[in-house]
């Protein structure tokens, strides 16, 4: 079940200023999210280098691909035995091609699905503002950086003050 | 590196999607007409039968398999640029990788058609898939032809996946600019992308993982295609050099096709600030490097044939340049200079001699010269595939079994149609999607910093 957003958000023209605000708020124990037109290592560092769980999905499905890639041809070889001279019925070196290809196929497709699935799940856990002003703001895909802080109404003044000290262009509250 | 601002990148790249000039529509009509010729030729072939082509015993693999290998090779440069150069952090890849990746997807789509057309009865294509059937018969998993089915279909799926994942942030940027029906379309395609770090975090990790998968895939696909030949016993095919030889040729031809596409693209859309001469030069250097590998492979093939002491191997490598085996006065006996010999010398000239001017900086820095060299390489690589596929089948172990091959008119039509299909898709892509990766180009720029702004 998705949570409702309560907090403050601001927009910034400079990445270093946005990163300073994020780092300060994170060290204060606030729940902070960032928006930016492209990934920036400054912002990732300010967020404390969070880690994605995506590699576990990739590993699981890649391993399934290897299992299926060796298993399926082996099963069909046993199902309809076709002896060819003295070659082994289950030809493991030949089936390595299928093990590799299906590892890449299942691992790759599950990774792509995982990217968007995990992103949306994180957005349910850490909701974004729902106001028309936020949803209609299109500059995060152009050249502006956004800082979203989920906090109680009592902390809003301090957060807003910090944002304005660091060149925030727009600051809005939603409670 | 471009000095443009983030907003300027959006403006420059997304403005390429506005209403195009009349020249665009003229090109589109030309490509659609070529594609139409291919469809007509295919329809005639299906109606009359495969006998209409030049394929007959002993040359069972002709222009269709040549086209298949050629187009698969063309696809390799896209994955090389988007995955391998991503992992090696080559800074010049960002402006060209989107176009190269689109090229890969369309080239592999084109390539995938040819084995199906080659079978003659295209409506039985599903027999290639290992599904449980009425007689409980299975496909032969030990056959290189089935390895190909899996390799090419995996390559196509992963290329499309990689391409679409890379597009999502840019589709969101287009959604934010669009109105009406276009906004609805881009909103659906960008699947809720909002530029938050909840999404960027998984995106960056996922992109890295996809690149890590695509890197061995790009080398494996053409190796597996080469094993279609190398696993057989035919002289000229049965050699261990084939896998690296094919991969080097694929990268060589693919990068040439990227240049063929990107040079007009930057002129038409005025993208000189992003696709700079430095980017073209970097690609030219890789082309030069792979040209040397390909030239070396040509030489090694001859050396292996000589050193093996195998008369059949020696025979085919005499036949390729000089014609009839056993005739020690080449060019004299009737019929010695056939299509196979023309293919051989065209291949050597276009792939070994034509790239030599790239040693000079002035040539690498000249977009027009690069464009013409890239066209010559594309021609040369098609003839290389033809030389490998066809000439070996013309002269096998038993002279009684020798034959000649002349492509039929439908094969010509379908080949022209494949180029029409490829370029039609690409030109439609430039109209519907950004040809440069907006988010990645921004990543390669200096970010907006307050202290830098104050300094100015």
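Odds and ends about this structure:
- Here is the figure for segment B:10-29: residues that are in a helix (DSSP H, G or I) and touching a helix residue (DSSP H, G or I) at 6+ places or on another chain (Cβ under 8 Å) total 9.
- Single condition residue B:437 does not satisfy, out of (1) under 19 Å from residue B:280 (Cβ atoms); (2) at pLDDT below 95; (3) more than 14 Å from chain A (Cβ to nearest Cβ): (3)
- Pick from segment A:38-47, criterion more than 15 Å from the chain's Cα centre (by Cα) and crowded, with 16+ Cβ neighbours inside 10 Å, ranking: farthest from the other protein chains (Cβ to nearest Cβ): A:46
- Verdict on residue B:217 being crowded, with 18+ Cβ neighbours inside 10 Å, part of a helix (DSSP H, G or I), at the interface with chain A (Cβ under 9 Å from one of its Cβ atoms) and over 27 Å from the mean Cα position of the chain (by Cα): no
- Any hit, segment A:5-15, residues being surrounded by fewer than 21 Cβ atoms within 10 Å (Cβ to Cβ) and more than 23 Å from residue A:133 (Cα to Cα): no
- In segment A:3-12, residue nearest to residue B:168 (Cα to Cα) [restricted to those that are modelled with pLDDT under 95 and in contact with a strand residue (DSSP E or B) (Cβ under 8 Å, 6 or more places away or on another chain)]: A:5
- For residue B:189, the conditions (1) modelled with pLDDT under 95; (2) buried (at least 22 other Cβ atoms within 10 Å of the Cβ) are fulfilled apart from (2).
- Residue count for segment B:230-257, restricted to those that are assigned to a helix (DSSP H, G or I) and touching a helix residue (DSSP H, G or I) at 6+ places or on another chain (Cβ under 6 Å): 16.
- Test: residue in segment A:73-89 that is facing chain B (nearest Cβ under 8 Å) and touching a strand residue (DSSP E or B) at 6+ places or on another chain (Cβ under 8 Å): no
- Yes/no for residue B:192 being at positive phi, out of contact with any strand residue (DSSP E or B) (no Cβ under 8 Å at 6 or more places or on another chain) and either in contact (Cβ under 8 Å) with a residue 12 or more places away in the chain or not in a loop (DSSP other than H, G, I, E, B) (or both): no
- Failed condition for residue A:136, given (1) more than 8 Å from chain B (Cβ to nearest Cβ); (2) closer than 30 Å to residue A:71 by Cβ: (2)
- Residue check for residue A:94: at the interface with chain B (Cβ under 10 Å from one of its Cβ atoms) and in contact (Cβ under 8 Å) with a residue 40 or more places away in the chain: no
- The numbered conditions (1) surrounded by fewer than 13 Cβ atoms within 10 Å (Cβ to Cβ); (2) facing another protein chain (nearest Cβ under 7 Å); (3) assigned to a helix (DSSP H, G or I) are all true for residue A:50 except (3).
- So residue B:123, is it more than 8 Å from chain A (Cβ to nearest Cβ) and more than 23 Å from residue B:14 (Cβ to Cβ): yes
- Qualifying position, being touching a residue at least 60 places away in the same chain (Cβ under 8 Å), within 29 Å of residue B:321 (Cβ to Cβ) and assigned to a helix (DSSP H, G or I), among B:428, B:393: B:393
- Residue within segment A:4-24 that is without any contact (Cβ under 8 Å) to a residue 12 or more places away in the chain and touching a helix residue (DSSP H, G or I) at 6+ places or on another chain (Cβ under 6 Å) present: no
- Residue within segment B:165-186 that is within 20 Å of residue A:54 (Cα to Cα), in contact with a helix residue (DSSP H, G or I) (Cβ under 8 Å, 6 or more places away or on another chain), surrounded by fewer than 24 Cβ atoms within 10 Å (Cβ to Cβ) and more than 10 Å from chain A (Cβ to nearest Cβ) present: yes
The values are calculated or read from the model by the stated rules, or taken from the named source; none is laboratory data. Computed from a predicted structure; not experimentally measured. All Cβ positions, glycine included, derive from the backbone under ideal geometry; neighbour counts span all protein chains shown.
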